[in-house]
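The values are calculated or read from the model by the stated rules, or taken from the named source; none is laboratory data. Being a predicted model, the structure only gives us computed values, none of them experimental. A quick note on method: Cβ atoms are made from the backbone with ideal geometry, for glycine too, and the neighbour counts reach across all protein chains shown.
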Amino acid sequence: MDPRLGQALTLHQRGDVPGALGLYDALLKEQPHDAVLLHYRGLASFHMGDLAGASDFITRSVALDGSDADAWCNLGMVFAKQNNPAQALRLLQRALELNPTHLDALHNKAVVLKSLHREKEALSILQHIAKTHPRAIGPLCNLAATQQQLGDTAGAAATYENVLKIAPDDETARCGLGEAYEALGRFGAARDQYSAVLQRNPNNAWALVKTLELRDPTADIKWVDQATQLAARADLSADARIRLNVALAQYHDRGKHYDTAFLHLKRGCDEQFRRQPFDSAGYSKLVDTFIATLDAGFLRTAAVSGNTSARPIFIVGLPRSGTTLVEQVLSSHSAVAAGGELPTLPQVSFLTKELSRSHEHYPVGVRTLSTDALARMADQYLKHLTTLSADAQRVTDKLPFNFMHIGLIALLFPNAKIVHCRRDPLDNCLSCYFTSFADQVQFASDLAALGRYYVDYDRLMRHWHGALPGRIFDIQYEELVSDTQSRIEALLAFCELPWEEACLRFHETQRGIHTPSRWQVRQPIYAQSVQRWRHYEAHLGPLRSELSPIVG
(Lines give C-alpha, C1' and ligand atoms only; values in the text may rest on other atoms or scores of the structure.)
Protein backbone atom coordinates (compact mmCIF):
# COMPACT_ATOMS: atom_id res chain seq x y z
CA MET A 1 0.00 0.00 0.00
CA ASP A 2 1.21 3.49 -0.83
CA PRO A 3 2.23 5.04 2.55
CA ARG A 4 0.31 8.16 1.63
CA LEU A 5 -2.89 6.08 1.36
CA GLY A 6 -2.15 4.59 4.78
CA GLN A 7 -1.71 8.10 6.16
CA ALA A 8 -4.98 9.22 4.55
CA LEU A 9 -6.87 6.26 6.03
CA THR A 10 -5.46 6.99 9.48
CA LEU A 11 -6.57 10.61 9.26
CA HIS A 12 -10.01 9.52 8.02
CA GLN A 13 -10.45 7.05 10.88
CA ARG A 14 -9.43 9.71 13.41
CA GLY A 15 -12.09 12.08 12.08
CA ASP A 16 -9.78 14.45 10.21
CA VAL A 17 -11.81 14.13 7.00
CA PRO A 18 -10.51 17.36 5.35
CA GLY A 19 -6.93 16.18 5.88
CA ALA A 20 -7.72 12.75 4.43
CA LEU A 21 -9.57 14.32 1.50
CA GLY A 22 -6.51 16.34 0.51
CA LEU A 23 -4.34 13.23 0.41
CA TYR A 24 -6.96 11.28 -1.57
CA ASP A 25 -7.10 14.06 -4.16
CA ALA A 26 -3.31 14.14 -4.48
CA LEU A 27 -3.22 10.37 -5.04
CA LEU A 28 -6.08 10.48 -7.56
CA LYS A 29 -4.12 12.95 -9.70
CA GLU A 30 -1.57 10.20 -10.11
CA GLN A 31 -4.02 7.26 -10.18
CA PRO A 32 -7.35 8.61 -11.51
CA HIS A 33 -8.70 5.13 -12.27
CA ASP A 34 -7.96 3.46 -8.95
CA ALA A 35 -11.27 1.98 -7.74
CA VAL A 36 -10.16 1.83 -4.09
CA LEU A 37 -9.05 5.46 -4.07
CA LEU A 38 -12.29 6.57 -5.71
CA HIS A 39 -14.28 4.65 -3.09
CA TYR A 40 -12.42 6.27 -0.19
CA ARG A 41 -12.66 9.69 -1.82
CA GLY A 42 -16.42 9.17 -2.12
CA LEU A 43 -16.63 8.21 1.55
CA ALA A 44 -14.78 11.40 2.47
CA SER A 45 -17.31 13.42 0.47
CA PHE A 46 -20.13 11.56 2.22
CA HIS A 47 -18.71 12.35 5.64
CA MET A 48 -18.35 16.02 4.63
CA GLY A 49 -22.02 16.13 3.61
CA ASP A 50 -21.28 16.35 -0.12
CA LEU A 51 -23.74 13.72 -1.35
CA ALA A 52 -23.38 14.61 -5.03
CA GLY A 53 -19.61 14.20 -4.81
CA ALA A 54 -19.96 10.96 -2.87
CA SER A 55 -22.31 9.56 -5.50
CA ASP A 56 -19.98 10.55 -8.35
CA PHE A 57 -16.81 9.08 -6.84
CA ILE A 58 -18.32 5.80 -5.60
CA THR A 59 -20.25 5.28 -8.84
CA ARG A 60 -16.96 5.61 -10.73
CA SER A 61 -15.39 3.14 -8.28
CA VAL A 62 -17.98 0.38 -8.80
CA ALA A 63 -17.85 0.94 -12.56
CA LEU A 64 -14.14 0.08 -12.45
CA ASP A 65 -14.49 -2.79 -9.93
CA GLY A 66 -17.95 -4.17 -9.36
CA SER A 67 -16.81 -6.86 -6.93
CA ASP A 68 -16.49 -4.70 -3.79
CA ALA A 69 -19.57 -5.24 -1.59
CA ASP A 70 -18.46 -2.40 0.71
CA ALA A 71 -18.56 0.08 -2.17
CA TRP A 72 -22.04 -1.01 -3.26
CA CYS A 73 -23.25 -0.78 0.33
CA ASN A 74 -21.85 2.72 0.79
CA LEU A 75 -23.28 3.87 -2.54
CA GLY A 76 -26.65 2.57 -1.39
CA MET A 77 -26.50 4.73 1.72
CA VAL A 78 -25.59 7.78 -0.38
CA PHE A 79 -28.79 7.28 -2.37
CA ALA A 80 -30.75 6.75 0.85
CA LYS A 81 -29.47 10.10 2.13
CA GLN A 82 -30.49 11.63 -1.21
CA ASN A 83 -34.07 10.46 -0.56
CA ASN A 84 -33.95 7.84 -3.29
CA PRO A 85 -34.84 4.72 -1.28
CA ALA A 86 -35.79 2.60 -4.29
CA GLN A 87 -32.32 2.97 -5.84
CA ALA A 88 -30.73 2.57 -2.39
CA LEU A 89 -32.43 -0.82 -2.00
CA ARG A 90 -31.21 -1.96 -5.43
CA LEU A 91 -27.62 -1.02 -4.58
CA LEU A 92 -27.77 -2.65 -1.14
CA GLN A 93 -29.19 -5.79 -2.73
CA ARG A 94 -26.20 -5.83 -5.11
CA ALA A 95 -23.89 -5.71 -2.08
CA LEU A 96 -25.77 -8.66 -0.57
CA GLU A 97 -25.53 -10.64 -3.81
CA LEU A 98 -21.76 -10.31 -3.52
CA ASN A 99 -21.75 -11.01 0.22
CA PRO A 100 -25.04 -12.32 1.69
CA THR A 101 -23.74 -11.93 5.27
CA HIS A 102 -22.58 -8.31 4.86
CA LEU A 103 -23.66 -6.83 8.19
CA ASP A 104 -23.78 -3.16 7.14
CA ALA A 105 -25.69 -3.96 3.96
CA LEU A 106 -28.24 -6.01 5.88
CA HIS A 107 -28.66 -3.36 8.56
CA ASN A 108 -28.81 -0.50 6.07
CA LYS A 109 -31.42 -2.37 4.04
CA ALA A 110 -33.55 -2.61 7.18
CA VAL A 111 -33.09 1.12 7.80
CA VAL A 112 -34.21 1.97 4.25
CA LEU A 113 -37.20 -0.37 4.47
CA LYS A 114 -38.29 1.38 7.66
CA SER A 115 -38.08 4.73 5.87
CA LEU A 116 -40.58 3.28 3.37
CA HIS A 117 -42.91 2.16 6.20
CA ARG A 118 -42.09 -1.47 5.42
CA GLU A 119 -41.41 -2.20 9.08
CA LYS A 120 -42.29 -5.89 8.98
CA GLU A 121 -39.74 -6.59 6.25
CA ALA A 122 -37.19 -4.61 8.25
CA LEU A 123 -38.08 -6.58 11.37
CA SER A 124 -37.39 -9.87 9.59
CA ILE A 125 -33.92 -8.70 8.54
CA LEU A 126 -33.12 -7.34 12.01
CA GLN A 127 -34.23 -10.60 13.64
CA HIS A 128 -31.92 -12.45 11.25
CA ILE A 129 -29.03 -10.15 12.20
CA ALA A 130 -29.76 -10.76 15.89
CA LYS A 131 -29.28 -14.49 15.30
CA THR A 132 -26.17 -14.24 13.13
CA HIS A 133 -24.53 -11.27 14.91
CA PRO A 134 -25.86 -11.47 18.47
CA ARG A 135 -23.45 -8.84 19.77
CA ALA A 136 -24.04 -6.21 17.05
CA ILE A 137 -25.28 -3.36 19.25
CA GLY A 138 -26.53 -0.97 16.55
CA PRO A 139 -28.75 -3.51 14.77
CA LEU A 140 -30.00 -4.85 18.11
CA CYS A 141 -31.06 -1.35 19.19
CA ASN A 142 -32.76 -0.88 15.82
CA LEU A 143 -34.52 -4.23 16.30
CA ALA A 144 -35.85 -3.05 19.66
CA ALA A 145 -37.01 0.27 18.20
CA THR A 146 -38.77 -1.56 15.37
CA GLN A 147 -40.45 -3.97 17.78
CA GLN A 148 -41.75 -1.01 19.75
CA GLN A 149 -42.90 0.72 16.58
CA LEU A 150 -44.88 -2.39 15.63
CA GLY A 151 -46.52 -2.58 19.05
CA ASP A 152 -44.40 -5.32 20.63
CA THR A 153 -43.35 -3.18 23.58
CA ALA A 154 -42.54 -6.12 25.84
CA GLY A 155 -40.35 -7.59 23.10
CA ALA A 156 -38.61 -4.25 22.64
CA ALA A 157 -37.88 -4.04 26.37
CA ALA A 158 -36.46 -7.58 26.34
CA THR A 159 -34.20 -6.73 23.39
CA TYR A 160 -32.91 -3.57 25.04
CA GLU A 161 -32.31 -5.52 28.26
CA ASN A 162 -30.28 -8.04 26.24
CA VAL A 163 -28.20 -5.23 24.71
CA LEU A 164 -27.42 -3.89 28.17
CA LYS A 165 -26.13 -7.28 29.25
CA ILE A 166 -23.60 -6.98 26.42
CA ALA A 167 -22.91 -3.25 26.74
CA PRO A 168 -24.12 -1.92 30.12
CA ASP A 169 -23.00 1.63 29.33
CA ASP A 170 -24.74 1.93 25.96
CA GLU A 171 -26.76 5.14 26.28
CA THR A 172 -29.00 4.50 23.26
CA ALA A 173 -30.11 1.15 24.65
CA ARG A 174 -30.66 2.51 28.15
CA CYS A 175 -32.74 5.46 26.94
CA GLY A 176 -34.63 3.15 24.58
CA LEU A 177 -35.37 0.81 27.47
CA GLY A 178 -36.64 3.78 29.47
CA GLU A 179 -39.06 4.67 26.66
CA ALA A 180 -40.25 1.06 26.46
CA TYR A 181 -40.85 1.04 30.21
CA GLU A 182 -42.83 4.29 29.90
CA ALA A 183 -45.02 2.74 27.20
CA LEU A 184 -45.65 -0.18 29.56
CA GLY A 185 -46.59 2.18 32.38
CA ARG A 186 -43.44 1.42 34.41
CA PHE A 187 -42.55 5.06 34.98
CA GLY A 188 -40.29 4.51 38.00
CA ALA A 189 -38.24 1.93 36.12
CA ALA A 190 -38.01 4.34 33.19
CA ARG A 191 -36.67 7.09 35.44
CA ASP A 192 -34.01 4.67 36.75
CA GLN A 193 -32.75 4.12 33.20
CA TYR A 194 -32.52 7.83 32.41
CA SER A 195 -30.81 8.49 35.75
CA ALA A 196 -28.22 5.81 35.03
CA VAL A 197 -27.38 7.55 31.76
CA LEU A 198 -27.17 11.00 33.35
CA GLN A 199 -24.90 9.80 36.17
CA ARG A 200 -22.35 8.85 33.51
CA ASN A 201 -23.10 11.59 30.99
CA PRO A 202 -24.95 14.67 32.34
CA ASN A 203 -24.96 16.14 28.82
CA ASN A 204 -27.09 13.40 27.27
CA ALA A 205 -29.91 15.53 25.90
CA TRP A 206 -32.24 12.58 25.27
CA ALA A 207 -32.01 11.40 28.88
CA LEU A 208 -32.51 14.95 30.18
CA VAL A 209 -35.59 15.43 28.00
CA LYS A 210 -37.14 12.15 29.09
CA THR A 211 -36.37 12.92 32.77
CA LEU A 212 -38.09 16.32 32.53
CA GLU A 213 -41.10 14.84 30.74
CA LEU A 214 -41.77 12.27 33.48
CA ARG A 215 -44.42 13.57 35.83
CA ASP A 216 -44.23 11.59 39.06
CA PRO A 217 -42.07 12.29 40.94
CA THR A 218 -40.87 15.55 39.46
CA ALA A 219 -37.33 15.84 38.12
CA ASP A 220 -34.39 16.58 40.42
CA ILE A 221 -33.58 20.31 40.22
CA LYS A 222 -29.98 19.54 39.22
CA TRP A 223 -31.22 18.00 35.98
CA VAL A 224 -33.49 20.98 35.38
CA ASP A 225 -30.50 23.29 35.77
CA GLN A 226 -28.39 21.07 33.53
CA ALA A 227 -31.06 21.05 30.84
CA THR A 228 -31.45 24.82 31.04
CA GLN A 229 -27.72 25.36 30.55
CA LEU A 230 -27.53 22.84 27.73
CA ALA A 231 -30.56 24.32 25.90
CA ALA A 232 -28.77 27.69 25.76
CA ARG A 233 -25.67 26.30 24.04
CA ALA A 234 -25.27 27.34 20.42
CA ASP A 235 -22.98 24.37 19.71
CA LEU A 236 -25.70 21.84 20.60
CA SER A 237 -27.58 20.21 17.74
CA ALA A 238 -30.79 22.01 16.82
CA ASP A 239 -32.84 18.86 17.47
CA ALA A 240 -31.49 18.55 21.01
CA ARG A 241 -31.95 22.25 21.72
CA ILE A 242 -35.58 22.14 20.53
CA ARG A 243 -36.45 19.03 22.52
CA LEU A 244 -34.80 20.42 25.67
CA ASN A 245 -36.70 23.70 25.47
CA VAL A 246 -40.04 21.96 24.97
CA ALA A 247 -39.29 19.57 27.87
CA LEU A 248 -38.36 22.51 30.09
CA ALA A 249 -41.64 24.16 29.15
CA GLN A 250 -43.56 21.05 30.19
CA TYR A 251 -41.65 20.91 33.48
CA HIS A 252 -42.32 24.56 34.35
CA ASP A 253 -45.96 24.23 33.27
CA ARG A 254 -46.46 21.47 35.84
CA GLY A 255 -44.83 23.75 38.42
CA LYS A 256 -47.29 26.54 37.46
CA HIS A 257 -44.47 28.83 36.33
CA TYR A 258 -46.42 29.70 33.21
CA ASP A 259 -44.40 32.63 31.85
CA THR A 260 -41.14 30.69 32.20
CA ALA A 261 -42.80 27.71 30.57
CA PHE A 262 -43.94 29.77 27.60
CA LEU A 263 -40.50 31.38 27.21
CA HIS A 264 -38.89 27.95 26.74
CA LEU A 265 -41.76 26.69 24.62
CA LYS A 266 -41.56 29.59 22.18
CA ARG A 267 -37.79 29.24 21.88
CA GLY A 268 -38.08 25.59 20.95
CA CYS A 269 -41.07 25.96 18.66
CA ASP A 270 -39.69 29.01 16.86
CA GLU A 271 -36.47 27.19 16.07
CA GLN A 272 -38.39 24.14 14.85
CA PHE A 273 -40.67 26.24 12.65
CA ARG A 274 -37.71 28.07 11.11
CA ARG A 275 -36.24 24.70 10.16
CA GLN A 276 -39.50 23.27 8.85
CA PRO A 277 -42.19 25.84 8.14
CA PHE A 278 -45.70 24.72 7.30
CA ASP A 279 -47.47 25.66 4.06
CA SER A 280 -50.82 26.79 5.45
CA ALA A 281 -52.05 28.09 2.08
CA GLY A 282 -51.18 24.77 0.43
CA TYR A 283 -53.04 22.86 3.12
CA SER A 284 -56.12 25.06 2.70
CA LYS A 285 -56.11 24.27 -1.02
CA LEU A 286 -55.87 20.56 -0.23
CA VAL A 287 -58.91 20.80 2.04
CA ASP A 288 -60.70 22.68 -0.76
CA THR A 289 -59.92 19.74 -3.07
CA PHE A 290 -61.32 17.17 -0.65
CA ILE A 291 -64.52 19.16 -0.17
CA ALA A 292 -65.03 19.78 -3.89
CA THR A 293 -64.12 16.25 -4.97
CA LEU A 294 -65.86 14.14 -2.33
CA ASP A 295 -69.01 16.24 -2.13
CA ALA A 296 -72.35 15.16 -0.72
CA GLY A 297 -73.84 14.37 -4.12
CA PHE A 298 -70.97 12.11 -5.07
CA LEU A 299 -70.89 10.31 -1.71
CA ARG A 300 -74.66 9.64 -1.89
CA THR A 301 -74.41 7.89 -5.27
CA ALA A 302 -70.82 6.60 -5.43
CA ALA A 303 -69.89 2.96 -5.74
CA VAL A 304 -68.86 1.33 -2.47
CA SER A 305 -66.60 -1.62 -1.86
CA GLY A 306 -69.33 -4.06 -0.93
CA ASN A 307 -67.27 -4.96 2.13
CA THR A 308 -69.67 -5.42 5.04
CA SER A 309 -67.00 -5.58 7.77
CA ALA A 310 -67.60 -3.48 10.87
CA ARG A 311 -64.27 -4.56 12.36
CA PRO A 312 -62.41 -1.24 12.18
CA ILE A 313 -63.30 1.56 14.56
CA PHE A 314 -61.72 4.76 13.29
CA ILE A 315 -60.88 7.33 15.99
CA VAL A 316 -60.09 10.68 14.38
CA GLY A 317 -59.52 14.29 15.38
CA LEU A 318 -56.63 16.65 15.89
CA PRO A 319 -53.67 15.37 17.91
CA ARG A 320 -54.17 16.02 21.65
CA SER A 321 -57.96 16.01 21.29
CA GLY A 322 -58.52 12.85 23.37
CA THR A 323 -57.96 10.15 20.75
CA THR A 324 -55.65 8.10 23.00
CA LEU A 325 -58.11 8.35 25.89
CA VAL A 326 -60.99 7.18 23.70
CA GLU A 327 -58.92 4.29 22.37
CA GLN A 328 -58.01 3.32 25.93
CA VAL A 329 -61.69 3.31 26.89
CA LEU A 330 -62.69 1.21 23.88
CA SER A 331 -59.76 -1.21 24.16
CA SER A 332 -60.77 -1.90 27.76
CA HIS A 333 -63.80 -3.69 26.26
CA SER A 334 -63.42 -7.44 25.86
CA ALA A 335 -64.42 -7.27 22.17
CA VAL A 336 -61.93 -4.56 21.17
CA ALA A 337 -58.20 -4.60 20.45
CA ALA A 338 -56.16 -1.39 20.29
CA GLY A 339 -54.46 -0.86 16.94
CA GLY A 340 -52.84 2.46 17.79
CA GLU A 341 -51.86 5.03 15.18
CA LEU A 342 -51.83 2.95 12.02
CA PRO A 343 -50.33 4.23 8.76
CA THR A 344 -52.45 1.69 6.85
CA LEU A 345 -55.31 3.88 5.60
CA PRO A 346 -53.03 6.57 4.11
CA GLN A 347 -50.98 3.78 2.50
CA VAL A 348 -54.14 2.28 1.01
CA SER A 349 -55.13 5.71 -0.31
CA PHE A 350 -51.90 5.78 -2.33
CA LEU A 351 -53.33 2.96 -4.47
CA THR A 352 -55.88 5.38 -5.93
CA LYS A 353 -53.76 6.47 -8.89
CA GLU A 354 -52.99 2.86 -9.85
CA LEU A 355 -56.55 1.55 -9.45
CA SER A 356 -58.72 4.43 -10.62
CA ARG A 357 -59.97 4.47 -14.19
CA SER A 358 -58.72 8.06 -14.61
CA HIS A 359 -55.31 7.24 -13.04
CA GLU A 360 -55.50 10.48 -11.08
CA HIS A 361 -53.94 10.97 -7.68
CA TYR A 362 -55.87 10.79 -4.42
CA PRO A 363 -58.38 12.24 -3.67
CA VAL A 364 -59.46 13.20 -7.21
CA GLY A 365 -58.98 9.64 -8.50
CA VAL A 366 -61.47 8.35 -5.91
CA ARG A 367 -64.29 9.50 -8.18
CA THR A 368 -63.35 6.85 -10.76
CA LEU A 369 -62.65 3.92 -8.44
CA SER A 370 -64.76 0.88 -9.30
CA THR A 371 -66.43 -1.39 -6.78
CA ASP A 372 -63.72 -3.98 -7.43
CA ALA A 373 -60.95 -1.44 -6.83
CA LEU A 374 -62.54 -0.28 -3.59
CA ALA A 375 -62.96 -3.90 -2.49
CA ARG A 376 -59.26 -4.53 -3.14
CA MET A 377 -58.32 -1.50 -1.06
CA ALA A 378 -60.65 -2.56 1.76
CA ASP A 379 -59.23 -6.09 1.76
CA GLN A 380 -55.67 -4.77 1.99
CA TYR A 381 -56.62 -2.66 4.99
CA LEU A 382 -58.35 -5.56 6.76
CA LYS A 383 -55.40 -7.88 6.16
CA HIS A 384 -53.24 -5.51 8.18
CA LEU A 385 -55.78 -5.48 11.01
CA THR A 386 -55.53 -9.27 11.13
CA THR A 387 -51.80 -9.03 11.77
CA LEU A 388 -52.58 -6.86 14.82
CA SER A 389 -55.27 -9.14 16.21
CA ALA A 390 -56.51 -12.35 14.65
CA ASP A 391 -59.58 -12.79 16.81
CA ALA A 392 -60.78 -9.45 18.25
CA GLN A 393 -64.27 -8.52 17.11
CA ARG A 394 -63.20 -4.88 16.66
CA VAL A 395 -59.83 -3.18 16.20
CA THR A 396 -59.28 0.54 16.71
CA ASP A 397 -57.30 2.74 14.34
CA LYS A 398 -56.57 6.01 16.11
CA LEU A 399 -54.40 7.82 13.59
CA PRO A 400 -55.79 11.32 14.26
CA PHE A 401 -55.22 12.57 10.72
CA ASN A 402 -57.58 10.00 9.28
CA PHE A 403 -60.11 12.83 9.61
CA MET A 404 -58.82 13.73 6.15
CA HIS A 405 -59.93 10.36 4.81
CA ILE A 406 -63.48 10.02 6.16
CA GLY A 407 -64.89 10.11 2.63
CA LEU A 408 -62.68 7.19 1.64
CA ILE A 409 -63.58 5.31 4.85
CA ALA A 410 -67.27 5.66 3.95
CA LEU A 411 -66.66 4.07 0.54
CA LEU A 412 -64.39 1.28 1.78
CA PHE A 413 -66.32 0.33 4.92
CA PRO A 414 -69.99 1.35 4.84
CA ASN A 415 -70.51 -0.34 8.23
CA ALA A 416 -67.42 0.91 10.04
CA LYS A 417 -67.80 3.24 13.00
CA ILE A 418 -66.11 6.65 12.92
CA VAL A 419 -65.52 8.38 16.27
CA HIS A 420 -64.50 12.03 16.11
CA CYS A 421 -62.74 13.48 19.17
CA ARG A 422 -63.31 17.18 19.76
CA ARG A 423 -61.82 19.53 22.33
CA ASP A 424 -61.98 23.24 23.10
CA PRO A 425 -60.05 24.81 20.17
CA LEU A 426 -57.74 26.90 22.35
CA ASP A 427 -56.94 24.01 24.70
CA ASN A 428 -56.45 21.64 21.77
CA CYS A 429 -54.09 23.95 19.93
CA LEU A 430 -52.13 24.87 23.06
CA SER A 431 -51.67 21.19 23.89
CA CYS A 432 -50.35 20.57 20.36
CA TYR A 433 -47.96 23.49 20.79
CA PHE A 434 -46.69 21.98 24.05
CA THR A 435 -46.04 18.57 22.51
CA SER A 436 -42.67 17.74 20.98
CA PHE A 437 -43.83 16.26 17.69
CA ALA A 438 -40.44 17.09 16.09
CA ASP A 439 -40.89 17.14 12.30
CA GLN A 440 -43.95 14.88 12.30
CA VAL A 441 -46.54 17.65 12.80
CA GLN A 442 -45.07 20.77 11.24
CA PHE A 443 -48.05 23.06 11.84
CA ALA A 444 -47.82 22.52 15.62
CA SER A 445 -44.68 24.67 16.03
CA ASP A 446 -46.31 28.03 15.27
CA LEU A 447 -49.40 29.50 16.92
CA ALA A 448 -50.72 31.21 13.80
CA ALA A 449 -50.19 28.09 11.68
CA LEU A 450 -51.94 26.04 14.36
CA GLY A 451 -54.94 28.35 14.26
CA ARG A 452 -55.17 28.26 10.47
CA TYR A 453 -54.86 24.46 10.50
CA TYR A 454 -57.63 24.17 13.09
CA VAL A 455 -59.99 26.30 11.00
CA ASP A 456 -59.35 24.11 7.94
CA TYR A 457 -59.79 20.93 10.00
CA ASP A 458 -63.05 22.29 11.42
CA ARG A 459 -64.52 23.12 8.01
CA LEU A 460 -63.54 19.73 6.62
CA MET A 461 -65.22 17.98 9.55
CA ARG A 462 -68.33 20.11 9.01
CA HIS A 463 -68.28 18.98 5.39
CA TRP A 464 -68.07 15.28 6.33
CA HIS A 465 -70.92 15.65 8.81
CA GLY A 466 -73.07 17.25 6.15
CA ALA A 467 -72.15 14.79 3.41
CA LEU A 468 -72.36 11.68 5.60
CA PRO A 469 -75.18 12.29 8.10
CA GLY A 470 -75.22 9.84 10.98
CA ARG A 471 -71.88 8.22 10.13
CA ILE A 472 -69.71 10.17 12.61
CA PHE A 473 -70.03 10.19 16.41
CA ASP A 474 -68.63 13.33 18.04
CA ILE A 475 -67.26 12.95 21.54
CA GLN A 476 -66.32 16.17 23.33
CA TYR A 477 -63.31 15.89 25.64
CA GLU A 478 -64.75 18.28 28.22
CA GLU A 479 -67.99 16.27 28.39
CA LEU A 480 -66.07 13.03 28.75
CA VAL A 481 -64.28 14.59 31.73
CA SER A 482 -67.37 16.02 33.40
CA ASP A 483 -69.90 13.28 32.62
CA THR A 484 -67.71 10.25 32.12
CA GLN A 485 -70.10 7.34 32.47
CA SER A 486 -72.89 8.70 30.26
CA ARG A 487 -70.46 9.65 27.49
CA ILE A 488 -68.81 6.22 27.59
CA GLU A 489 -72.27 4.61 27.49
CA ALA A 490 -73.11 6.70 24.40
CA LEU A 491 -69.78 5.82 22.78
CA LEU A 492 -70.30 2.09 23.30
CA ALA A 493 -73.87 2.31 22.05
CA PHE A 494 -72.72 4.03 18.86
CA CYS A 495 -70.11 1.29 18.34
CA GLU A 496 -72.82 -1.34 18.99
CA LEU A 497 -70.93 -2.73 21.96
CA PRO A 498 -72.61 -3.83 25.20
CA TRP A 499 -71.75 -2.00 28.40
CA GLU A 500 -68.73 -3.32 30.32
CA GLU A 501 -67.61 -1.85 33.62
CA ALA A 502 -63.95 -2.20 32.54
CA CYS A 503 -64.45 0.69 30.11
CA LEU A 504 -65.07 2.97 33.08
CA ARG A 505 -61.86 1.68 34.71
CA PHE A 506 -59.85 2.23 31.52
CA HIS A 507 -56.81 3.43 33.49
CA GLU A 508 -56.35 -0.13 34.80
CA THR A 509 -56.01 -1.61 31.29
CA GLN A 510 -52.48 -2.82 30.61
CA ARG A 511 -51.11 -2.29 27.10
CA GLY A 512 -48.22 -0.55 25.40
CA ILE A 513 -49.00 3.12 24.70
CA HIS A 514 -46.60 5.11 22.54
CA THR A 515 -48.30 8.51 22.22
CA PRO A 516 -47.56 11.60 24.35
CA SER A 517 -50.71 10.76 26.37
CA ARG A 518 -49.26 7.53 27.79
CA TRP A 519 -49.17 8.96 31.34
CA GLN A 520 -52.61 10.60 31.31
CA VAL A 521 -54.55 7.54 30.14
CA ARG A 522 -53.15 5.52 33.03
CA GLN A 523 -54.79 7.90 35.50
CA PRO A 524 -58.47 8.24 36.37
CA ILE A 525 -60.28 11.03 34.51
CA TYR A 526 -59.07 14.44 35.68
CA ALA A 527 -60.02 17.99 34.74
CA GLN A 528 -56.67 19.81 35.01
CA SER A 529 -56.36 20.16 31.23
CA VAL A 530 -59.75 21.85 30.82
CA GLN A 531 -59.41 25.63 30.26
CA ARG A 532 -55.64 25.29 30.52
CA TRP A 533 -55.28 27.97 27.86
CA ARG A 534 -56.24 30.65 30.37
CA HIS A 535 -52.82 30.30 32.03
CA TYR A 536 -51.28 31.45 28.74
CA GLU A 537 -53.93 33.92 27.57
CA ALA A 538 -51.46 36.80 27.39
CA HIS A 539 -49.29 34.86 24.91
CA LEU A 540 -51.95 33.46 22.59
CA GLY A 541 -52.74 36.49 20.43
CA PRO A 542 -51.68 34.95 17.08
CA LEU A 543 -53.66 31.77 17.82
CA ARG A 544 -56.82 33.59 18.95
CA SER A 545 -56.68 35.84 15.90
CA GLU A 546 -56.68 32.86 13.52
CA LEU A 547 -59.37 31.03 15.51
CA SER A 548 -61.68 34.06 15.60
CA PRO A 549 -64.09 32.57 13.00
CA ILE A 550 -64.70 29.72 15.46
CA VAL A 551 -64.18 31.04 19.00
CA GLY A 552 -64.99 34.72 18.43
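Selection over segment 80-106 of residues that are part of a helix (DSSP H, G or I) and surrounded by fewer than 23 Cβ atoms within 10 Å (Cβ to Cβ) gives a count of 14.
Residue-by-condition table, conditions (1) among the aliphatic types (A, V, I, L, M); (2) surrounded by fewer than 20 Cβ atoms within 10 Å (Cβ to Cβ); (3) more than 23 Å from the chain's Cα centre (by Cα):
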{"site": "Tyr362", "(1), (2), (3)": "no, no, no"}
{"site": "Gly365", "(1), (2), (3)": "no, no, yes"}
{"site": "Ala373", "(1), (2), (3)": "yes, no, yes"}
{"site": "Tyr381", "(1), (2), (3)": "no, no, no"}
{"site": "Thr387", "(1), (2), (3)": "no, yes, no"}
{"site": "Met404", "(1), (2), (3)": "yes, no, no"}
{"site": "Ile409", "(1), (2), (3)": "yes, no, no"}
{"site": "Tyr433", "(1), (2), (3)": "no, no, no"}
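The requirement of being of a type outside the set (Asp, Glu), farther than 26 Å from Leu116 by Cβ and modelled with pLDDT of 95 or more is satisfied by Ser67. Inspect all residues belonging to segment 238-249 and state whether any of them is without any contact (Cβ under 8 Å) to a residue 60 or more places away in the chain, surrounded by fewer than 16 Cβ atoms within 10 Å (Cβ to Cβ) and within 28 Å of the chain's Cα centre (by Cα). Within segment 238-249, one or more residues are without any contact (Cβ under 8 Å) to a residue 60 or more places away in the chain, surrounded by fewer than 16 Cβ atoms within 10 Å (Cβ to Cβ) and within 28 Å of the chain's Cα centre (by Cα).
Which is among the hydroxyl-bearing types (Ser, Thr, Tyr), more than 17 Å from Tyr433 (Cβ to Cβ) and outside any helix (DSSP H, G or I), of Thr218, Thr228? I'd like the intermediate steps shown before the answer.
Values: Thr228 fails: outside any helix (DSSP H, G or I).
Within the list Thr218, Thr228, the selection yields Thr218.
Comparison of Thr172, Thr159 shows that the only residue that is out of contact with any Phe, Trp or Tyr (no Cβ under 9 Å at 6 or more places or on another chain), touching a residue at least 12 places away in the same chain (Cβ under 8 Å) and either of a type in the set (D, E, K, R) or farther than 14 Å from Ala110 by Cα (or both) is Thr159. In the condition set (1) closer than 24 Å to His47 by Cβ; (2) at pLDDT 95 or above; (3) small (Gly, Ala, Ser), Ala130 is compliant with all but (1). As a summary of the residue check, Asp295 satisfies the conditions (1) modelled with pLDDT of 95 or more; (2) closer than 21 Å to Asp152 by Cα except for the one numbered (2).
Rundown of residues vs (1) touching a residue at least 12 places away in the same chain (Cβ under 8 Å); (2) over 26 Å from Leu385 (Cβ atoms), yes/no style:
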site: Thr132; (1), (2): yes, yes
site: Ala136; (1), (2): yes, yes
site: Ala145; (1), (2): yes, no
site: Gln148; (1), (2): yes, no
site: Gly155; (1), (2): no, no
site: Val163; (1), (2): yes, yes
site: Glu179; (1), (2): yes, no
site: Arg186; (1), (2): no, yes
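So if I check each of Thr352, Thr323, which one is within 26 Å of Glu479 (Cα to Cα) and surrounded by 19 or more Cβ atoms within 10 Å (Cβ to Cβ)?
Working: Thr352 fails: within 26 Å of Glu479 (Cα to Cα).
Of Thr352, Thr323, the one residue that is within 26 Å of Glu479 (Cα to Cα) and surrounded by 19 or more Cβ atoms within 10 Å (Cβ to Cβ) is Thr323.
Return the residue satisfying two criteria in turn: it lies in segment 193-215 and is within 25 Å of the chain's Cα centre (by Cα) and more than 16 Å from Arg243 (Cβ to Cβ), and of such residues it is surrounded by the most Cβ atoms within 10 Å (Cβ to Cβ). If we take residues in segment 193-215 being within 25 Å of the chain's Cα centre (by Cα) and more than 16 Å from Arg243 (Cβ to Cβ), then Gln193 is surrounded by the most Cβ atoms within 10 Å (Cβ to Cβ).
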